[in-house]
Structure formats: structure tokens, C-alpha cells
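The values are calculated or read from the model by the stated rules, or taken from the named source; none is laboratory data. Remember, it's a predicted structure, so these values are computed and weren't measured experimentally. When we count neighbours, we look across all protein chains shown, and the Cβ atoms used for this are built from the backbone with ideal geometry, even at glycine. Remember, those area values only see protein heavy atoms, side chains included, never the ligands or the DNA or RNA. Shrake-Rupley method; radii C 1.70, N 1.55, O 1.52, S 1.80 Å.
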Amino acid sequence: MKHPADIESWLSLNLIDGLGGESIRRLLVAFGSPTAILSAPISALERIVKNRIAERIKQGADRDKIAGVLKWLEDPINAIITLADPDYPAQLLNIADPPPLLYFKGRRELLQLSALAVVGSRNATPQGLSNAEAFSEAASNAGLCIISGMALGIDTAAHYGGLRGSAASIAVVGTGLDIVYPAKNHPLAHKLAKEGALISEFPLGTPAIGRNFPRRNRIISGMSQGCLVVEAALQSGSLITARQALDQGREVMAIPGSIHSPLSKGCHALIKQGAKLVESTQDILDELNCLSLILNENKTAEPAIEKSTENTTLLKHLGYDVVDIDTLCTRSGLTAEIVSAMLLTLELDGQVSSLPGGCYQRVQ
């Protein structure tokens, strides 16, 4: 794995407390390289940054921290990718505040692929998880690397779907790459490191801090050609990513859901505001001006909001909203015993999912 020749200089700037990305970029414009910045007299540095920051630059970063990163780089799947690196994501260079340095783990070649951000609720419905996984797999097979944030719920489903496709998936995380957050996603993180990739702008050892995740979101949207919101409440953090995507000139798309579901209201609000309503993968490709999706002969790669299912009476009465047995009995005219038996069969077939409170939801 190749690294910049002046990697220690880049790391020294990145690890100086209080020196942010905007200041680093201004220093690079003024002096040309990290090495030149570090060797500049303090009087010259003070024309760009505050005196206390200039003094910290002259003192240099903690040598133990730099040594820790260099040790981390001994693993060939780890890398530091800087603004000067030819593999720095081209799309990310076009945003207002591209991170000067990225910590990277995984398959470096994925950074050259076109990408689709897929985001949504952490507390997703079974249908939402199914949609996230199916759409991500199909988009990946169409050549779009799936970018998400490795949160529980929609992010996790999107990553697994993307990894099953040909263009894989990249997670942009809000911690250092030596920390897996949430801890439940350790298996996913290992799979991404082997088959996809993980990225962070935060130094190794950075814990999960709330303010870092909105910053992480600008990279998710910034690396992508478009952003697909699968499920989101009106106050969802996914809408932050969607707004950042709009600010960055990216296409924003959303999958509609039940008018009764709180997790659909964020998507519906985006659609009202002009986001593309997505019912199939081809909708995504059309919006991004991609080539038409070439499906396998069995069509298994193409998801849709309403998949063909056995034309049973109960499924018709069930619809796609969450419903309890009493309501199904009223709609169908069947007894509770018969409805319960039919629901069990449908659940075993994977067409219906049981939910807390004795409720059910159609998932196919």
C-alpha cells in the first residue's frame, strides 16, 4: 500500500489540537505543502492562523500519536489519503469543506467508482430494511458503490446489500477507524474492511461524539452522485444528509411509504420539496444519468416497492400498513383462529413480519 512521501508532515498538521480543516487548506494555499508549513517562521504562520495555533504548529504534534498512526499503517489494508493523493475521491474535492486527510481501511480502488449514498432510520421497519438491502444490491450491481454511515437500521442493511453487489460498499464513520461504533456492527466492519472499505476524517482513538456525526454526513453525501433516503422521520438525522446533499449539488431521492407511518413522513416531506420519488432501481439510474440497469435473466436483482406475491385474500386485506389481528378479522370476515393460522404461514414464507404488540406488516 502506497502512502504520501511526506506522510509525517500531513499527520503532524492533522493531529495539532485546534487546527481544523479550513485552516489547513488556507495554509496549504499559502505555503504549498505540509512540509513548508511546518518549516515556516511563526510570523508567516500568524498571517493565516491565530498566534496560539501558529505556536502549536511550530511545536509539532504529539510524536507518540504520529508513531501510533505509522504503526497502524503497517497493516497493508490501512492507508492515509490526503488532498495531494491521486486516489482522493474526486467528488469530495468539489464540496465546500473537503477533509485534508482521510484515514482509510479496505479496497482503495473503490474510491474511483461512482457512488450512491443510502441513508435512513436507525429504527427501521422490516419493509424499510428489505428495501434498503434490495435497492443497494441492485444499485451496486449497476456499478454504484454504496456509501452509508454504518449506523444500525437502514445504514447496516444498505452496506450488506452493497457488499453483495459488484461495486461493494464504503462506510464513512464518525469515530477513529480503530473503534467500531456501534459495537453491534463489529461483523459488518470486518466485512467492509475485507470486501469494501471504511473511511474517517477523525484521528485514531476518536470516540463516538455526537457533534462528529453531522460532519461525517457531509462526506457521505459529498462522495456520492446522489442520496437515497429509504425511511426517515421528520426529525431524522438522515434529513441532515439529504440537506447537505442538496447544498453540494447532489441529486436527492426518497422511497415513499405508508401515510400512517412516522418513518415515512421524512421521505414524503423530501418528495414534496422536489426529491425524486423512487419505486425501482431504474428510477435511481435515470436520475443520476447512469446507463440502464442490465438485470439477470431471473430479474432477482431488481427491487420494487410492491413485489409480486401469492394472490391471497389475506394479503389483500393486510396491505402494507401495520395492522393487528382484530382489524384483519373485520376486513376479511374471517375468524381470529383462521387469520392467525394464515399469518403464521405467511410469516414462515417470509411475506409477513410480526411486530411488537400483536401487530403484523407485509414485507413482500
Inset, instruction - May I ask you to list the residues in the stretch 248-292 that are among the acidic types (Asp, Glu) and touching a residue at least 40 places away in the same chain (Cβ under 8 Å)? - result: GLU287
Legend entry - LEU111 vs. criteria within 17 Å of the chain's Cα centre (by Cα), aliphatic (A, V, I, L, M) and under 21 Å from SER166 (Cβ atoms): yes
Legend entry - Options PRO86, PRO99: the member that is buried (at least 21 other Cβ atoms within 10 Å of the Cβ) and assigned to a loop (DSSP other than H, G, I, E, B): PRO99
Inset, instruction - Scan the stretch 267-288 for residues that are within 11 Å of CYS227 (Cβ to Cβ) and assigned to a helix (DSSP H, G or I) and jot them down. - result: LEU270, ILE284, GLU287
Legend entry - Filter result (in contact (Cβ under 8 Å) with a residue 60 or more places away in the chain and small (Gly, Ala, Ser)) within the stretch 126-152: GLY128, SER130, ALA132, ALA134, ALA138, ALA139, ALA142, GLY143, SER148, GLY149
Inset, instruction - Scan the stretch 68-115 residue by residue and report those that are in contact with a strand residue (DSSP E or B) (Cβ under 6 Å, 6 or more places away or on another chain) and under 27 Å from PHE135 (Cβ atoms). - result: LEU102, PHE104, LYS105, GLY106, ARG107, LEU110, LEU113, ALA115
Legend entry - Which numbered condition ALA61 fails, given (1) at pLDDT 95 or above; (2) crowded, with 19+ Cβ neighbours inside 10 Å; (3) closer than 28 Å to LEU198 by Cβ: (1)
Inset, instruction - Being open to solvent by 80 Å² or more (accessible area, probe 1.4 Å), within 33 Å of the chain's Cα centre (by Cα) and either modelled with pLDDT of 80 or more or more than 13 Å from LEU314 (Cβ to Cβ) (or both) is the filter here, so list the residues in the stretch 324-364 that pass it. - result: LEU348, PRO356
Inset, instruction - Restricting attention to the stretch 117-134, report how many residues are of a type in the set (A, V, I, L, M, F, W, C) and in a helix (DSSP H, G or I). - result: 3
Inset, instruction - Starting from residues that are in contact with a helix residue (DSSP H, G or I) (Cβ under 7 Å, 6 or more places away or on another chain) and of a type in the set (Val, Ile, Thr), keep the ones in the stretch 139-192 and report whichever is surrounded by the fewest Cβ atoms within 10 Å (Cβ to Cβ). - result: VAL180
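Test LYS105 against the criterion of being outside any helix (DSSP H, G or I), basic (Lys, Arg), open to solvent by 30 Å² or more (accessible area, probe 1.4 Å) and at pLDDT 95 or above, and give yes or no.
On the way: outside any helix (DSSP H, G or I): yes; basic (Lys, Arg): yes; open to solvent by 30 Å² or more (accessible area, probe 1.4 Å): yes; at pLDDT 95 or above: yes.
Criteria met by LYS105.
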